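Undergrad: After the structure tokens below, expect a handful of questions from me.
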Amino acid sequence: MKLLLIVIVYYSALVWASKLNINDSCTTPCGKPGKCVPSRSCDYGIARLRKPDPTYEDTIYLQSSICGRHPDPPHIPLTCCPALLNPTDCGLIDITKRIVGGEPTKLEEHPWAALLIYDTSGNETGVPRLVPKCGGSLLNSRYVLTAAHCIMDIPKKWKLEYVRFSEWDALSKENCTTIESGEQICRQEYAIDKIIVHPKYNKTVPNKVHDITLLRLTEDVEFSKYVRPICLPFENAIREMPIDDEDFTVTGWGQTETKIRSGIQLHVDIIGKTREVCNTKFSIANITLEETQLCVGGEKGKDSCKGDSGGPLMRLVNSVWYQVGVVSFGNRFCGTEGFPGIYTDVTKYLRWIEKEANKIHCPNDDES
């Protein structure tokens, strides 16, 4: 009976719905950004409609979310569906573009770069032993993107403690850095509320397909010149850009050509390749890439490496940085000529990222 009431109210709301067009921007009843889309295309709305025990709040939400009707018969309803939109000024930096073979990175150069800090002590002594082991990238005020193997392929006794931003020297015991101007820049550290590993990731599969994870932080990140989100490639024009022979940049605190972990954040420019190049090079390990993976690099001495895992593969488009990949894996000997690195293709996971990020949309949402 409750479900029938929701459906009746939901459709009757069309009488007074705002007349927005398909894909117009809108604001959901919870005050979040959204897109006005056909109701059947909104996974969030469908989930609330099909709850086994819908509440009065669900009724009000669905009623209030109607934003128009489709112009063509049968004039199906449009609903303001929560959308994961790029934050204002994402991917922008205050300096121009100027890791194995990498260059030192200025604090404000890639302000979305995140460092994952693990407690590797196993709580045997009660004293944490905090170690940086993977990278990540800030998508908005609550979510960080990283690799699934940074969660699933680690020793059982390890625990991911928090995510750190505004980091320059990961090996320094000092939390703040004083730059030439005299300004003091301090690390920002955020605890993790939920770890969302892609459900299809299987650590026993050699090609590490679906190597992607979302981290939801316990509180909103405070943006600044030194902490800012990167843009996701939502626009078709960005998603459809070629990979082969294109320029990309990767950043992280991983191992360098000296096989020693870099305390200083580095970045390196690398060139995109076709998947066939990687399939040929990695065939000896029975590794074949899928369409959800990218093959980038292969120039001697320029590569991502151990410790960079989970970090962003970026491309610069019209002075804006977009994340197109996540560092996944590569040759055992980083920077070996002819052996590109393997990256998870972020463009193939935008719908999954958006769906997971919108699961907790309103304060009283059920996570089930």
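Undergrad: Which of the GluC sites (Glu not before Pro) found in the stretch 171-221 are loop residues per DSSP with 15 or fewer other Cβ atoms within 10 Å of their Cβ?
TA: Listed in order of number, the matching sites are E174, E180, E183, E219.
Undergrad: What does the charge count around N175 come to, taking other residues whose C-beta lies under 12 Å from its C-beta (Lys +1, Arg +1, Asp -1, Glu -1)?
TA: Around N175, the charge tally is -1.
Undergrad: Here's something else I'd like to know. If you rank L171, L160, L215 by how much accessible surface each has, with a 1.4 Å probe, what is the order from largest down?
TA: Largest accessible area first, the residues go L171, L160, L215.
Undergrad: Taking a 1.4 Å probe, which of M241, M152, M314 shows the most accessible area, and what order do the others take after it?
TA: M152, M241, M314
Undergrad: Which of the trypsin sites (Lys or Arg not before Pro) found in the stretch 202-248 are loop residues per DSSP with 16 or fewer other Cβ atoms within 10 Å of their Cβ?
TA: Passing sites in the stretch 202-248 are K203, K225.
Undergrad: Here is a follow-up. Return the FRET efficiency for the residue pair L92, W158: r is the Cβ-Cβ distance, R0 is 35 Å, and the value is rounded to the nearest 0.05.
TA: 0.50
Undergrad: Separate question: Under a 1.4 angstrom probe, counting protein chains only, how are D308, D169 ranked by accessible area, largest first?
TA: D169, D308
Undergrad: Residues with amide H under 5 Å of A114's amide H, sequence separation 5 or more or different chain, H placed in the peptide plane at 1.01 Å from N; which?
TA: Distant-sequence amide H within range of A114: G136, S137, L138.
Undergrad: What do you get for Rg/Rh of the stretch 162-253 when both radii come from the Cα atoms and Rh is the Kirkwood radius?
TA: 1.03
Undergrad: On the first, second and third principal axes, largest extent first, how far apart are the outermost C-alpha atoms of the stretch 106-215 in Å?
TA: Principal extents (largest minus smallest coordinate, Cα): 49, 35, 25 Å.
Undergrad: Past 29 Å, Cα to Cα, is the threshold; run K225/K273; K51/K200; K208/K359; K51/K157 against it and keep the listed order.
TA: Among K225/K273; K51/K200; K208/K359; K51/K157, the Cα-Cα distance tops 29 Å for K225/K273; K51/K157.
The values are calculated or read from the model by the stated rules, or taken from the named source; none is laboratory data. The model shown is predicted, which means the values in this text are computed figures rather than measured ones. Cβ: placed from backbone, ideal geometry, glycine included. Neighbour counts: every protein chain shown. Remember, those area values only see protein heavy atoms, side chains included, never the ligands or the DNA or RNA. Shrake-Rupley method; radii C 1.70, N 1.55, O 1.52, S 1.80 Å.
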